[in-house]
Amino acid sequence: MQLPETAPFTSEERNSIEHFLASLTSEKKIWLSGFLAGTQATGVAPQTPSAKLPVNVLFGSESGNAEGLAQETRKALTSLGMAPKVTDLADCKPSDLAKMKHVLLITSTWGDGDPPDAVIPFHEALMADDSPRMEGLAFSVCALGDTSYEKFCQTGKDFDQRLEDLGANRISARKDCDVDFDEPYQEWLKDVTSVLTQEAGSNAPMTISTTAVNGSTTSAYGKKNPFPAPLQERILLNGRGSIKETLHLEFSLEGSGLTYQPGDSLAVLPHNASDVVEAVLSASHLNGDESVTLKDGTNKSLSAALTQNFDITGLSRSFIQNYNEVLQSEPLAQLLENKETLQDYIYGRQIVDLLQAHPCEQMDAQTFIGLLRKLPPRLYSIASSLKAHPDEVHLTVAAVRYNSHGRDRKGVASTFLADLVNPGDSVPVFVTPNKHFKVPQASDTSAIMVGPGTGVAPFRAFIEERAANGDTGKNWLFFGDQRYSYDFLYQTEWQEHLSSGTLSRLDLAFSRDQKEKVYVQHRMLERGEELWQWLQDGANFYVCGDASRMAHDVHEALIKIAESHGNLDREAAEAYVTQLQKDKRYLRDVY
């Protein structure tokens, strides 16, 4: 191996370099020769910026998890010498997808099998008969979901199957991830990067830095390092006589460095109540003093682990199936074979019911926790503006308590905040952004907000933010609950905003104050002409709250208003409302 005569070195430099080259082994000489030629002994052209393998990382996110993983995927691909581009599926069309060569698609499933709200137009377009063919596309799907729902990871499954039907080829198999998604995500990432690096012709070592995968450092507060936020104040918002228990909670963020925007959510990491833990221990024939080892290698007593680390209430097909692998019960095996009967059994029951009805006395503590999934954080819409409340974050939480199958039940996180946390106590929290649910960008854009019950939380933040900004756009709130006298959440504040002019109009629907129930969608229809005019003048339309009924009823009311006051037939009215969504003027935060 010699330097060419044209090499720009002095005689002394040339002698030193050739002496160094002569000392190398044959293997090192081959590698160095390839490196200097830009091939690294592979015969592949040098990886200039324009020659880097382009990879499109697409995400569909509701709570921010899929978006976060998309950004971490981008970092990992970049560290391996590729050229990734991250795109929100809300900003993508099937025709865009058809032009891509390599796609990594990360999507969550919301509710019972639905796409994230902002992804619905893309999902519908991809599933349509006129969706373009995708023969030139290589793809892989990472699906996020929750095994407590029957249609686990359904959106990811939909996209995976549809892309195959359209002629695309898989880079690697779809990976379905439960709420504890870090480990399966990293397995998926390793699989796809292994294939992509081979296609890129790179001999780069297949190691992905922890920084690239985790996307955060231990000094920053976030999902991997929640901030212990002290509870400053807890106020019961319902009046005496109400059957509801709605709480206003104020937490300090001082010293955390955490920031948020109205529309974002606060994730709370709760603990299970002691009586729930004791009932599960009793039903599993364990005493709680047993030592167990968690995934991270730490040891705890079983009682502490069930309190702090595991979901011990959510009953799902997955849990029953795993439990029966230990129990080997024929009745449970038969139950698992009948989908409808299984769903009827699961509805309203929890893990403790299964343990009591089908006891497994020989199960040890370590085996038991191996059946359980990680206790997931609960997300609550933030009810405050940082501009109005510096270093604070406020929540509006309804404590969930009910009786089912002869047993009193309670929501894990809501009653954790109601019963187990006192002012001065700290609660682990982190912020989850929601870039699709924000106050209007233009200060003069008007906003129509529909938020019954605790769905009013983000609109309290919206109004505070717009007041602090001095926005000139009008604001119209539709609020509803059961009774005016007991359940008018934040009544004094709304009246003050009306007096100041920040709130232009307030329409109320209290369902139990008259013989016939009245809901927010009824008020919308009554005010249809004016609401239509606001939309014609460019107003944004927002909905927050229950997805199963309220959001559907409000959507239907909006279509009827377009029919009645826009003089549109049903098809045209539906198209108008769909266009509002595409234009990001009709925005929802539903759960």
Residue-wise HN-Hα coupling along the stretch 358-368, computed from phi with Karplus coefficients 6.51, -1.76, 1.60 (Hz; x: Gly, Pro):
9, x, 10, 5, 8, 6, 8, 5, 5, 4, 4
Computed over the chain, protein heavy atoms only, probe 1.4 angstrom, the accessible area per residue in square angstrom equals 48
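In percent, what relative contact order does the stretch 68-194 have, based on Cα pairs under 8 Å that are 6 or more apart in sequence? Please list the in-between numbers first.
Numbers: 202 pairs, mean separation 30.6, N = 127.
Answer for the stretch 68-194 is 24 percent.
Treating only the Cβ atoms of Lys and Arg (+1) and Asp and Glu (-1) as charged, compute the dipole magnitude of the stretch 472-588 about its Cα centre; round to the nearest 20 debye. Before the final figure, lay out the partial values.
On the way: 15 positive and 19 negative charges, 35 e Å.
Dipole of the stretch 472-588, to the nearest 20 debye: 160 debye.
Report the extension gain between ASP130 and ASP569 in nm, rounded to one decimal, defined as 0.36 nm multiplied by the number of residues separating them, less their alpha carbon distance.
Values: separation 439, 0.36 × 439 = 158.04 nm, distance 2.37 nm.
That pair, ASP130 and ASP569, stretches by 155.7 nm at full extension.
Once the Cβ-Cβ distance between ASN287 and LEU336 is put in as r, and R0 is 22 Å, what FRET efficiency do you end up with, to the nearest 0.05?
Working: r = 30 Å, r/R0 = 1.34.
So, using R0 = 22 Å, E works out to roughly 0.15.
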Separation of the ASP180 and LYS101 label points, Cα + 7 Å toward Cβ, nm:
4.0
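Around ASP408, what is the net charge, scoring Lys/Arg as +1 and Asp/Glu as -1 over all other residues with Cβ under 12 Å from its Cβ? Numbers along the way, then the final one.
Numbers: positive: ARG401, ARG407, ARG409, LYS410; negative: ASP275.
Net of charged neighbours comes to +3.
Considering Cα pairs under 8 angstrom that are at least six residues apart, work out the relative contact order of the stretch 303-353 and quote it in whole percent. Intermediate values should be presented prior to the final figure.
Working: 24 pairs, mean separation 24.6, N = 51.
Relative contact order comes out at 48 percent.
Within 14 Å, Cβ to Cβ, of SER256, how many net charges do the neighbouring residues add up to if Lys/Arg are +1 and Asp/Glu are -1?
Working: positive: LYS223; negative: GLU254, ASP391, GLU392.
That works out to -2.
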What is the extension gain from LYS387 to GLN579, computed as 0.36 nm multiplied by their sequence separation minus the C-alpha to C-alpha distance, in nm to one decimal?
65.9 nm
How big is the accessible area of LYS157 in square angstrom, nearest 10, if you roll a 1.4 angstrom probe over the protein chains?
70
What are the lysines whose alpha-carbon lies under 29 Å from the alpha-carbon of LYS339, with same-chain residues fewer than 8 places away excluded?
LYS151, LYS157, LYS175, LYS374, LYS410
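Could you work out how much longer the chain between ASP344 and TYR402 gets when fully extended? Use 0.36 nm per residue separation minus the Cα distance between them, nm to one decimal. Write out the running numbers ahead of the final one.
Details: separation 58, 0.36 × 58 = 20.88 nm, distance 1.81 nm.
Length gained, ASP344 through TYR402: 19.1 nm.
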Could you tell me the distance between the Cα centroids of the stretch 222-265 and the stretch 150-165, to the nearest Å?
36
Taking the Cα centre of the chain as origin, work out the dipole magnitude from +1 charges on Lys and Arg Cβ and -1 charges on Asp and Glu Cβ, in debye rounded to 20.
580
Output ³J(HN,Hα) for the stretch 411-424: one whole-Hz value per residue in order, computed from phi by the Karplus curve 6.51 cos²θ - 1.76 cosθ + 1.60 with θ = phi - 60°, and x for Gly and Pro.
x, 4, 6, 5, 7, 4, 6, 7, 10, 9, 10, 10, x, x
Grab the beta carbon distance between LYS93 and ASN225, set R0 = 25 Å, and tell me the FRET efficiency rounded to 0.05.
0.10
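What does the C-alpha gyration tensor say about the overall shape of the stretch 436-591? Classify as rounded when a/c is under 1.5, otherwise prolate if a/b is larger than b/c, or oblate.
Values: a/c = 1.65, a/b = 1.11, b/c = 1.49.
Taking the square roots of the gyration eigenvalues as a ≥ b ≥ c, the stretch 436-591 is oblate.
Given contacts defined as C-alpha pairs under 8 Å and at least six residues apart, what's the relative contact order of the chain, whole-number percent?
Relative contact order here is 12 percent.
What fraction of the DSSP beta bridges in the chain is antiparallel, stated in percent and rounded to the nearest 5?
Given both bridge residues lie in the chain, the antiparallel proportion sits at roughly 45 percent.
Of all accessible surface on the chain at a 1.4 Å probe, what whole percent is carbon and sulfur?
Numbers: 13310 of 28140 Å².
About 47 percent, which is the carbon plus sulfur part of the accessible surface.
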Among ALA509, TYR490, ALA468, whose Cα lies farthest out toward the positive end of the dipole of the stretch 447-510, if unit charges sit on the beta carbon of Lys, Arg (+1) and Asp, Glu (-1)?
ALA509
The chain: spread of alpha-carbon positions along the three principal axes, whole Å, largest first, is 99, 67, 52
What is the distance, in nm, between label points placed 7 Å from the Cα along the Cα-to-Cβ direction at SER443 and at THR472?
0.9
Which stretch or stretches of the stretch 550-565 have amide N atoms under 20 Å from the point lying 7 Å from TRP532's Cα along the Cα→Cβ direction?
553-565
If you place +1 on the Cβ of every Lys and Arg, -1 on the Cβ of every Asp and Glu, and leave all else neutral, what size is the dipole of the stretch 481-539 about its Cα centre, to the nearest 20 Debye?
240
Roughly how many Å is it from the Cα centre of the stretch 456-492 to that of the stretch 544-591, as a whole number?
21
Just tell me which lysines come within less than 17 Å, Cα to Cα, of LYS435; anything on the same chain fewer than 8 places away is out.
LYS582, LYS584
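Between rounded, prolate and oblate, where does the stretch 349-448 land on the alpha carbon gyration tensor, with a ≥ b ≥ c its root eigenvalues, rounded for a/c under 1.5, else prolate if a/b exceeds b/c?
Values: a/c = 2.47, a/b = 2.43, b/c = 1.02.
Since a/c reaches 1.5 and a/b is larger than b/c, the shape of the stretch 349-448 is classed as prolate.
State the antiparallel share, in %, of DSSP beta bridges confined to the stretch 57-145, rounding to the nearest 5. Don't skip to the end; give the middle numbers.
On the way: 1 of 15 bridges.
DSSP beta bridges in the stretch 57-145 are roughly 5 percent antiparallel.
The values are calculated or read from the model by the stated rules, or taken from the named source; none is laboratory data. A quick note: this is a predicted structure, and the numbers were derived from the prediction, not measured. Cβ: placed from backbone, ideal geometry, glycine included. Neighbour counts: every protein chain shown. For the accessible areas, the whole protein counts, side chains as well, though only heavy atoms, and no ligand, DNA or RNA atoms are used. Shrake-Rupley method; radii C 1.70, N 1.55, O 1.52, S 1.80 Å.
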